[in-house]
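Down below is the structure, laid out as structure tokens.
Bear in mind these aren't lab numbers, they're just calculated from the coordinates by the rules spelled out. Because the structure is predicted, anything quoted here is derived from the model rather than measured. Every residue, glycine among them, receives a Cβ derived from its backbone with ideal geometry; neighbour counts consider all protein chains shown.
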Amino acid sequence: MKLPASIQVIERGWLSANNIVLHAPEGATLVDSGYGAHAPLTLALLEKALKGKPLARLINTHCHSDHMGGNAAIQGKYGCRTSVPAGEAPLIDRWDEQALILSIADQRAERFSYDDTFGDGDSLKMGELDWRVIAAPGHDTHAVTFHSPESRVLISGDALWENGFGAVFPQLFGRDTALQETRGTLDCISRLEVAIVIPGHGRPFTGVDAALERAFKRLDSYEEDITRLARHCVKVAFSFALLEKRSMPLADVPAYVGRVPMLADINRRYLGMTAAVFAGWLAADLERAGAVQRRDGMLVATGT
Amino acid sequence: MSESAKLPLEDIASPCNNICRMNPETQLCEGCLRTIDEIAAWSGLSAREKRAVLAQLPARKPKP
């Protein structure tokens with residue numbers, strides 16, 4: 001099973017989401033722009049992919065820093081039309097650092113503006129294919145996925161990965177329906193004809209049924225015990241921050257996890273550890289997972 | 001499905017380690033040591049092509 005030749009996936013990592021270039025003679029569409037700090041590389045990759053052809057449109061699956069962080073730089077270079085999910089528009093208008101998960105998680109993105117919005121049920125021409133916009137609340141309340149019935153490709157953003165889905169932060173920040181919404185999103189994907197998923201992170205994959213099964217299992221475990229979700233969310237948020245910084249003195253970790261609101265709030269409300277215990281647990285758990293190493297008094301991101 | 005038809009989706013992990021910054025002198029990413037062409041093309045490479053890229057990386061490590 002192969003992707004249509006007009007779809008080029010630029011597989012990135014965790015700090016930057018994948019960049020998906022949908023080629024068409026009249027101008028390409030880019031889905032998601034990566035993290036702001038990576039914008040120079042993203043621009044170089046995009047230039048390589050476009051081979052001198054115009055970029056007509058930039059579209060986001062949702063507006064988290066790893067998906068929209070390169071928007072401003074790409075607009076600056078290409079002056080392309082920019083479209084975001086309708087639910088994200090007010091957050092972008094007022095640049096809501098909390099709802100966009102920026103300063104509250106020690107993340108950064110350059111402010112940008114958009115030209116128009118799209119929502120559930122809309123049809124979008126991206127590249128040579130027609131895509132249906134499907135609401136995908138959960139990880140981000142306003143996120144969408146894009147489905148091409150003709151090619152049976154799903155651009156899933158962070159709603160479905162080969163192994164799991166993006167951390168459901170909203171459930172812990174006042175939206176107590178977010179896990180339920182995640183279930184609805186997975187149910188909705190399971191009803192689509194999908195041969196290949198292009199996720200926001202990781203390689204494109206077939207075997208959508210097996211991926212859905214893993215996702216539902218994970219969701220069940222969060223619903224059984226909400227502190228599992230809380231632990232997962234702080235690990236994701238902290239390792240993301242460490243990927244950007246690359247390293248942090250071990251002695252600074254307790255103050256850091258006590259200062260960054262997303263980490264401190266989740267700990268206070270769901271985990272109840274002291275800052276020192278919280279910091280020690282995070283470091284040990286991420287070390288066990290191979291995401292960090294201790295070296296010369298520093299906590300160092302391994303990058304994976 | 002033949003083996004060759006499966007190859008593009010076989011699991012060869014990307015060497016990206018999230019540094020994602022080009023070195024202007026070497027024209028290699030400072031993190032994964034790939035060229036722009038290799039990063040842009042990665043997702044569409046066959047498993048054999050991916051292995052060939054990976055095999056070149058150790059020799060590109062900056063000399064201490």
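Quick notes
- Pair-distance profile P(r), taking every C-alpha pair of region A:178-231, with 5 angstrom steps and integer %: 4, 17, 26, 24, 17, 10, 2
- Based on Cα atoms of region A:15-55, Rg over Rh with Rh as the Kirkwood radius reads 0.97.
- Test item: A:41-47 mean partner chain Cβ contacts at 10 Å: 4
- Working ranking of peptides B:37-46, A:235-244 by packing, defined as the average number of other Cβ atoms within 10 Å per residue, highest first, is A:235-244, B:37-46.
- The Kirkwood hydrodynamic radius of region A:232-304, based on inverse pair distances between different Cα atoms, is 11.9 Å.
- Other residues within the sphere of radius under 12 Å centred on the Cβ of A:ALA99, judged by their own Cβ, net out at -3 (K and R +1, D and E -1).
- With eigenvalues of the C-alpha gyration tensor scaled by 5 and rooted, chain A, Å: 31, 22, 18
- Sparse-neighbour loop sites [GluC sites (Glu not before Pro); region A:92-158; at most 12 other C-beta within 10 Å; DSSP]: A:GLU150
- Cβ-based exposure ranking for A:LEU46, A:LEU172, in which fewest neighbours within 10 Å come first: A:LEU172, A:LEU46
- 3J(HN,Hα) from dihedral phi, region A:42-55, Karplus parametrisation 6.51/-1.76/1.60, rounded to Hz, x for glycine, proline: 4, 4, 5, 5, 5, 4, 4, 5, 6, 6, x, 7, x, 9
- Cα pair distances exceeding 18 angstrom across region B:12-64, given as percent: 25
- Ellipticity at 222 nm from helices only: DSSP H runs of n ≥ 4 in the protein assembly as shown, each -39500 (n - 2.57), divided by the residue count, give -10000 deg cm²/dmol.
- The packing ranking of peptides A:220-227, A:294-301, A:57-64, highest mean first, is A:57-64, A:294-301, A:220-227, where packing means the average number of other beta carbon atoms within 10 angstrom of each residue.
- Values of log10 I(q)/I(0), in the order q = 0.15, 0.19, 0.27 Å⁻¹, for region A:50-136 under a Debye, Cα-only, solvent-free model: -0.58, -0.90, -1.43
- Rounded to the nearest 20, the Cβ-based charge dipole of region A:14-67 about its Cα centre (Lys and Arg +1, Asp and Glu -1) stands at 160 debye.
- Per-residue shielding of A:280-292, expressed as the average number of other chain Cβ atoms within 10 Å of the residue Cβ, stands at 0.
- Taking the Cα centre of region A:161-301 as origin and assigning +1 to Lys and Arg Cβ atoms and -1 to Asp and Glu Cβ atoms, the resulting dipole is close to 440 debye.
- Kirkwood hydrodynamic radius (C-alpha pairs) into Stokes-Einstein, region A:131-268, 25 °C and 0.890 mPa s, D in µm²/s: 154
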